[in-house]
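Novice: The following block contains the structure, expressed as structure tokens.
Derivation of every value follows stated rules applied to the coordinates shown; laboratory data play no part. The shown structure was predicted, so the numbers you read here are calculated from the model rather than taken from an experiment. Here the Cβ is made from the backbone with ideal geometry for all residues, glycine too, and neighbour counts use every protein chain on show.
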């Protein structure tokens, strides 16, 4: 299809763009989210109270942050299966090294950052320079990291870090106008989302999309593809780490903390209209999708659906989110094929 | 009674006729040459025969039967096979497995590899080929051998008619001889060959009759004996060179050397020495696989030279990566827009800014502003800067590619088939633009398979053959001379 | 270069050969380490448990190999294993008469799930990773909702069968090898099997040659389900009961993929071998057994596994570098 | 132009037909489906609906809770209830014996504490020349692995005795019977083995007692009609099912309104679950079937700025310390961790020809408020994951062995 309208620099009216946006998967998710939220408020009016709602948002922060990290990797055309392992490792680090000594917070956090950097770098280099498929590379690093973590803790880590450190996951600012109570975790989330939005508008972000779309072209454009993707993995590792910090604050140390987060994150990112294989998708849609999932899950709890159905729901969502558009696509394609038949 | 007759066949894409009212008869057991310049419609005709495209009108008759294909397999079934330029082989599978893919011979319901290998071997024996083992892994074969496997595969469909598209493009001379042998064996068995090639010498070596296409129209079909090379070339070419091309204005100044290669080379080209001055447009001619693209890739650092020296603006440089080349002010507009030129899923603006973002992120702000005006100056027709480039026409996509490179303010522009797949209007615009760029002091090295284009645009024309520079011709040399030099036939004109 | 000599060179340096070389090295190292630990590695007892360990994962990996050869994945296997186990045990309820019914239920259900995977990947063209992840999650939801903890009771014959051994070789292992042989025949002696390689290698080439690409995709996924189901039956035979967690406990999804890749298969498809996958599993099983004998903390197993997978795949990746044919010498890049 | 095969809509509909029907078929009939109570469906769950509730066991354990045990209360790990004894004359060895230990897992703090105690006890028995070595295999919560481990021991055929801590009783029954068939002594501890071929079954009173202790405390401290939130770790694990079954029974008798959730012991899930409950209405008490779940529960109330109601836990220090620090109404039922050393002692006795109880029931003394300080002081310097009933005060490694993180 070719458009013949003359090129104009001014963009089309906001409303029109929003209208078109909402018809894309990445936009539709916001509609879905709105619907789910309405349902949530109906089943649990108490969440209508801003303070309560912010608390709710606050406790979903970790998974949203993880989804944010996964977004960078997926949009660059790769996948990161090491996030849960990193979360576990970081939670244990925080719990065991900080312990009850507040003075250790800074050094330990620095150490955690270092670990994130190393693992992210490793994932990236293995995938790009050593051409190990990211699925395998990150799976491998995940095995190594979690293996070491559980070895060090004998299998059942315990012992929470000092409360002052956990405040970031538990505490918040009270008596805020409009919101009432604002958990720190929501602030962390907000900051990260803004940073992500900025980053995706900066050259790095745009090139990341380009790499996911057409790596060869990006290389010929003078970008270093390996470093772009590696940075995506590093970002993902850092996201896991921040999620871990919030999580250890919110929930404390436990062997199962963060389990399965990466698959929820992947689900969310895909549900947010981000194409597996890269090059397509808006970071905010991914976040919205992650939040929509969390809302849906607690909605199911309120309705009284057995929590054991949760994975099934997740599965159906994945298949519908991917299946339906594809079905539409194949049908359209078959039509174009027919139009190419000899016309007589 | 002809083996295959094509009757008033027509096909057009997006309203542009590429074949109009073609009539060709292929006699049993003849080698029928099909020649013509790029865009003359050769490959479209082949794809129709192969069942890849369906014709808009006209018909194909195999003996009595009227053929109409909607899928390649039907063409095979009808006994028409095609050997395309790009191989349709699985490198990880054995030769026999490739040949019989989809038709593996079965004994009592089970595929018999033994039988398959035997058949394949028999096939090769019948072609007089001894160097290929049916059980060898295709990935381990040489290009020539793979080419032969392709032919064997085509033959294995009991093809009565086999059409070959530039089968020698990737072959060295001694390998070509092998191919000749095979073709003669085939014809001696009554197989008809439709042979497409730019290499006139091959055409004359092989073909009994020759059909000449020009701009989608059949010029003539004659016995090879009635023709000589000059005559054939004359038939192929001779398009009206009107004011279609933007000619250099008289006071255009050719400045000093910005790029020079001394006996540069790598795995694909060798001993390349050339000079490029600011303000001039240098054309590069050559046949398929002569190494034109490779020269550009060498300069642009995507397939770096491993020998010789490169100087940019008088300073010796080692260009090991595209990044380095770009920093040196070299822009490489690649041949395959979709694969290497654009990120189709990204917006016009994102594509236009991609190189600047990748190499000089600090300048993005300024570049964005310039990009918008530039895209307007290029008269891009698109909904706006946010539109995905996949929805633009070829010409407009090419404009985006140009914009993305011009935004880096390059000294040297390497253009690889810049007008491929874009409509006449866009071409015209592009020619004008190239002139203005040259006038503005850019140095342009342009590869094109469209000789009129080269002749019309270039201030001088370099000719490549088999990875080496074989001639440097002055502006406005005629197509005969160029073709002669490129295909290595001796017309006494070639340098 | 000449095709034949290249072929020879290739078999010598072939990935499968490498895999077994690694296996031998690991085994020898194991024997030595075990000896130093005052225990023996090549005892019938240890070999028996080593083979037992390879059986279940082996069955799963057979199916996984097929799917990976296509360039797809099957992440639903662990849940299919569990499902098959609970269905079988649930139907048998310890009675001899229900043996066949139980086996049939399990096998049919498992194959059906594999079939759905196949249809989603082959016809709807959903990415295999996503499709099987989705189906897997659905099945797991069904499992954890309807079953809590071990359930049902295997028929006595099945349990007896599970315990049978020829010398130190468990009959279930022999069954696994039988399946391996059958699939080997499928891959080398049937069109569908050969088309698995073709579609995995280059769908477009396959299509141009008249292959109906959906067929091998669907068949391979269905078989992957089937073999996961058989694995579930073996589990029931060993445990005597069905368990909704047994699959996820075994981590068969990632382990089988890891084994297949360690066996030299390329995730992109088209390249790989059953023998390679088997080698991969043997390597894992040997490592487990060694670390077990040495009483090393089991969590270190994962570390070793992770390192081995990464290193192996990195080495394989080095090997396969597609290059355009060079015309002139000295163009090494 | 890729002339793909045309997808007829028919194939699509067929496809989703298959999908749908499959789901239907599966959900319709679930052979051997053993769903007990349906979790988190509010009042929907009643004890009578709980298949794993067994009145007879309930009564026995209820009695055993308060029964008097044979032996010195100072060394509870040696105490037992009078009953059938095992003749040890056949099992007597004239040399130090090798013990093979198939361990279900070390994936929670209770098991880790017990495992340390066991290793310290081993040192003693080795120095006494009773046991030569202990070869242990960790099945990492996998039935299949544990069966393989047990079979490995049997195949290797160099064990003088087996200790088995089953992962899930039914699944390991077959393997345990094979172990019994070797004629060597087989000691089962912690969870049952779904068979009675073993030489002796070492365990503290049991899950029902645990549930009765904790639930009765809530019943006593929450007014009739009060709302109890019950946090369950995992379905199908007999220990937890028994605790829950008993508690559920008590709650029902006491006329309390119970909402139960499956949490997988994930603190994040626990906190969000409770936050929602708190948001929805009042929570008068929280009952947990595993100590680790208590602290996140308490935090949920703190974070919501609500007063902490009755929250039961277990004798894990993290809970005891939180209980003391925050001063809410708490109660710590105990599932004695020292049974890990008892299992080894049992083997030692058999090697020495000392008879042991066939069913070795160990005392199971909960920690009520008045014993809290004592329990905490007795375990100063121990990590949060440590259990007060570890029972290793007299062992050589005490206290350092239990203090490593």
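Novice: Given just the C-alpha atoms of region B:343-399, how large is their convex hull per residue in cubic angstrom?
Specialist: Dividing the Cα hull volume of region B:343-399 by its residue count gives 71 Å³.
Novice: Something else: State log₁₀ I(q)/I(0) for region B:366-448 at q = 0.21, 0.26, 0.27 Å⁻¹ as given by the Debye formula over alpha-carbon point scatterers of equal weight, solvent excluded.
Specialist: Here the Debye-derived log intensity ratios amount to -1.06, -1.52, -1.58.
Novice: Here is a further query. Regarding region B:4-236, what is the average projected area of its C-alpha convex hull, in nm²?
Specialist: Mean orientational projected area (region B:4-236, Cα hull): 13.0 nm².
Novice: Apply the a/c threshold of 1.5 to the C-alpha gyration tensor of chain B and tell me whether it is rounded, prolate or oblate.
Specialist: In terms of gyration-tensor shape, prolate.
Novice: How far, in degrees from 0 to 90, does helix B:173-188 lean away from the longest principal axis of the Cα atoms of chain B, to the nearest 10?
Specialist: Its long axis makes an angle of about 40 degrees.
Novice: What would the Debye formula give as log10 I(q)/I(0) at q = 0.19, 0.25 Å⁻¹ for the alpha-carbon point model of region B:55-120, no solvent?
Specialist: -0.89, -1.12
Novice: Okay, moving on. Helix-only estimate, please: 222 nm mean residue ellipticity of chain A, summing -39500 (n - 2.57) across DSSP H runs of length 4 or more and dividing by its residues, to the nearest 500.
Specialist: Dividing the helical sum by the residues of chain A leaves -23500 deg cm²/dmol.
Novice: Another one. Under the definition of Cα pairs under 8 Å and six or more residues apart, what whole-number percent is the relative contact order of chain A?
Specialist: Rounded, it is 32 percent for chain A.
Novice: Shifting gears a bit: Which FRET efficiency value, to the nearest 0.05, do you get for residue B:114 and residue C:32 by plugging their Cβ-Cβ distance into 1/(1 + (r/R0)^6) with R0 = 51 Å?
Specialist: Efficiency at R0 = 51 Å is approximately 0.70.
Novice: Taking just the C-alpha trace of region C:182-246, give me its Rg and Dmax in Å.
Specialist: 16.0, 50
Novice: Report, to the nearest 10°, how far helix B:348-359 tilts away from the longest principal axis of the Cα atoms in chain B, using its own Cα long axis and a range of 0 to 90°.
Specialist: The angle comes out at about 70 degrees.
Novice: Moving on. How long, wide and thick is region B:257-487, going by the Cα atoms along their three principal axes, in whole angstroms, largest first?
Specialist: Each principal axis gives a Cα extent; for region B:257-487 these are 46, 37, 30 Å.
Novice: Could you give the Stokes-Einstein D for region B:165-214 in µm² per second, using the C-alpha Kirkwood radius, 20 °C, 1.002 mPa s?
Specialist: 185 µm²/s
Novice: Could you state the angle between the C-alpha long axis of helix B:394-406 and the longest principal axis of the C-alpha atoms of chain B, as a value from 0 to 90 degrees rounded to the nearest 10?
Specialist: Orientation of helix B:394-406: about 40 degrees from the principal axis.
Novice: For every helix of n ≥ 4 consecutive DSSP H residues, a contribution of -39,500 (n - 2.57) applies; sum these over chain B, divide by its total residues, and give [θ] at 222 nm rounded to the nearest 500 deg cm²/dmol.
Specialist: -10000 deg cm²/dmol
Novice: Classify region B:134-180 as rounded, prolate or oblate, taking a ≥ b ≥ c as the square roots of the eigenvalues of its Cα gyration tensor: rounded when a/c is under 1.5, otherwise prolate if a/b is larger than b/c and oblate if not.
Specialist: Judged from the Cα gyration tensor, region B:134-180 comes out oblate (a/c at least 1.5, b/c at or above a/b).
Novice: If you don't mind, another one. With label points built 7 Å along Cα→Cβ from the Cα atoms of residue B:86 and residue D:68, find their separation and express it in nm.
Specialist: 9.2 nm
Novice: Which semi-axes, in whole Å and largest first, does the equivalent ellipsoid of chain D have when worked out from the alpha carbon gyration tensor as the square roots of 5 times its eigenvalues?
Specialist: Sorted largest first and rounded, they come to 38, 31, 20 Å.
Novice: Tell me, D:261, B:100, C:252 in order of fewest to most beta-carbon neighbours within 10 Å?
Specialist: D:261, B:100, C:252
Novice: In percent, what relative contact order does region B:408-495 have, based on Cα pairs under 8 Å that are 6 or more apart in sequence?
Specialist: Averaging sequence separation for qualifying contacts and normalising by length gives 22 percent for region B:408-495.
Novice: Any chance you could get the radius of gyration and Dmax over the Cα atoms of region C:19-159, in Å?
Specialist: So, for region C:19-159, Rg and Dmax equal 19.2, 57 Å respectively.
Novice: If you don't mind, another one. What is the Cα centroid distance between region D:321-376 and region B:107-138, reported in whole angstrom?
Specialist: Computed from Cα coordinates, the inter-centre distance equals 77 Å.
Novice: So what's the protein assembly as shown giving for Rg/Rh, alpha carbon basis, Kirkwood Rh from the mean inverse pair distance?
Specialist: 1.03
Novice: Using just the alpha carbons, could you tell me how many Å³ per residue the convex hull of region B:353-495 encloses?
Specialist: For region B:353-495, the hull spanned by Cα atoms encloses 129 Å³ per residue.
Novice: Right, another one. Using alpha-carbon pairs under 8 Å, 6+ residues apart, how would you state the relative contact order of chain B in percent?
Specialist: 15 percent
Novice: At a Förster distance of 45 Å, what's the computed FRET efficiency of residue D:393 paired with residue A:41, Cβ-Cβ distance as r, to 0.05?
Specialist: 0.25
Novice: Averaged across A:127-140, how many Cβ atoms of other chains sit within 10 Å of each residue's Cβ atom?
Specialist: Across the residues of A:127-140, the mean count of other-chain Cβ atoms within 10 Å is 6.
Novice: Hey, got the average number of other protein chain Cβ atoms within 10 angstrom for residues in B:357-367?
Specialist: Whole-number average of other-chain Cβ neighbours for B:357-367 is 4.
Novice: Taking every residue in D:152-158, how many Cβ atoms of other protein chains lie within 10 Å of its Cβ, on average?
Specialist: 6
Novice: At q = 0.20 Å⁻¹, what log₁₀ I(q)/I(0) does a Debye calculation on the Cα points of region A:83-239 give, no solvent, two decimals?
Specialist: -1.25
Novice: Only counting other Cβ atoms within 10 Å, I'd like B:198, B:71, B:174 sorted with the fewest neighbours first.
Specialist: So the ranking, lowest neighbour count to highest, is B:174, B:71, B:198.
Novice: Treat the count of other C-beta atoms within 10 Å as a stand-in for reagent exposure and order C:86, D:288 from fewest to most.
Specialist: Fewest to most other Cβ atoms nearby, the residues stand as D:288, C:86.
Novice: Also: Just to check, using Stokes-Einstein with a Kirkwood Rh over alpha carbon pairs, what's the diffusion coefficient of chain A at 25 °C and 0.890 mPa s in µm²/s?
Specialist: 114 µm²/s
Novice: Could I ask something else about it? Give the shape of region C:14-318 as rounded, prolate or oblate, defined through the alpha-carbon gyration tensor: a ≥ b ≥ c are the square roots of its eigenvalues, a/c under 1.5 means rounded, and otherwise the shape is prolate if a/b is larger than b/c and oblate if not.
Specialist: oblate
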